[in-house]
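Q: Encoded as structure tokens, here's the structure I'll be asking about.
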Amino acid sequence: MNFSHSPRAVELTKAVQSFIQGEIVPVEHELRRSGGGAEPWQVPEEVHELRRRAREQGLWNLFLPAEHEGPCAERLGTRGGTGLTNVDYAPIAEATGWSFLAPYAFNCNARDTGNAEVLLRYGSQKQKDRWLDPLLDGRIRSAFAMTEPGVASSHATNMQLTAVGVVARMELGNHGATR
């Protein structure tokens, strides 16, 4: 198997590394020094600006798979208008992993990436319009929350609950319903 990176991946990796060193690291140092900003649950304006500049440079949604192309990729995808193979994305993921802000700045952060890939491959057009486009645009975030009454930890392997009807609630938009 050939594990060499394409010329495009090499160029994107260098661009990501340069952006991290020149743009993200100074903001991280300042946020650490200042304690992260006045409002603990608000994203500091400097981080919004990092995301804007990363997107402007085509360093946005770099996790998207190679078959991601067409109008959505041109509007919300990576530099070059198509996604990357896992081999080509690996050095980018490694580079962003050294920074606490980089995955978010490039819109390649955990939870969002996995959910976006599932929606991209298997979602209906209605689900893509409602959830995928806002995820790739950076307007919404994914979340995972769980509680297990009667179990001594929140470790996922201890779950004794079966989740049923989650997709139905999402499709119907009835977020407060329980089943």
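Q: Please specify each residue of the stretch 98-131 satisfying the condition of being among the hydrophobic types (A, V, I, L, M, F, W, C) and in a loop (DSSP other than H, G, I, E, B). If you could, list the steps in order and put the result at the bottom.
A: Of all residues in the stretch 98-131, those among the hydrophobic types (A, V, I, L, M, F, W, C) come to 98, 100-102, 105-106, 108, 110, 116, 118-120, 131.
Listed by number, the residues that qualify are Trp98, Phe100, Leu101, Phe106, Cys108, Ala110.
Q: Of the numbered conditions (1) assigned to a loop (DSSP other than H, G, I, E, B); (2) within 19 Å of Leu50 (Cβ to Cβ), Ile92 satisfies every one except a single condition; which is it?
A: Of (1) assigned to a loop (DSSP other than H, G, I, E, B); (2) within 19 Å of Leu50 (Cβ to Cβ), only one is false for Ile92: (1).
Q: Of (1) under 23 Å from Ser6 (Cα atoms); (2) surrounded by fewer than 21 Cβ atoms within 10 Å (Cβ to Cβ), Gly123 satisfies all except one. Which?
A: Just one mismatch for Gly123, condition (1).
Q: Among the candidates Asn86, Asn61, Asn107, single out the residue that is without any contact (Cβ under 8 Å) to a residue 60 or more places away in the chain and under 17 Å from Arg141 (Cα atoms). Can you show your working first?
A: On the way: Asn86 fails: under 17 Å from Arg141 (Cα atoms); Asn61 fails: without any contact (Cβ under 8 Å) to a residue 60 or more places away in the chain.
Result: Asn107 is the single residue among Asn86, Asn61, Asn107 that is without any contact (Cβ under 8 Å) to a residue 60 or more places away in the chain and under 17 Å from Arg141 (Cα atoms).
Q: What number of residues in the stretch 99-120 are of a type in the set (D, E, K, R) and surrounded by 14 or more Cβ atoms within 10 Å (Cβ to Cβ)?
A: Result for the stretch 99-120: 2.
Each row is one residue, and each column tells you yes or no for (1) under 27 Å from Glu45 (Cβ atoms); (2) small (Gly, Ala, Ser).
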site	(1), (2)
Ile92	yes, no
Ala95	yes, yes
Leu120	no, no
Asp137	yes, no
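Q: Kindly indicate which of Arg75, Arg141 is surrounded by fewer than 17 Cβ atoms within 10 Å (Cβ to Cβ) and assigned to a helix (DSSP H, G or I).
A: On the way: Arg141 fails: assigned to a helix (DSSP H, G or I).
The unique qualifying residue is Arg75.
Coordinate-derived values only; no laboratory data. Source: prediction; values computed, not measured. Backbone-built Cβ (ideal geometry, glycine too); neighbour counts: all protein chains shown.
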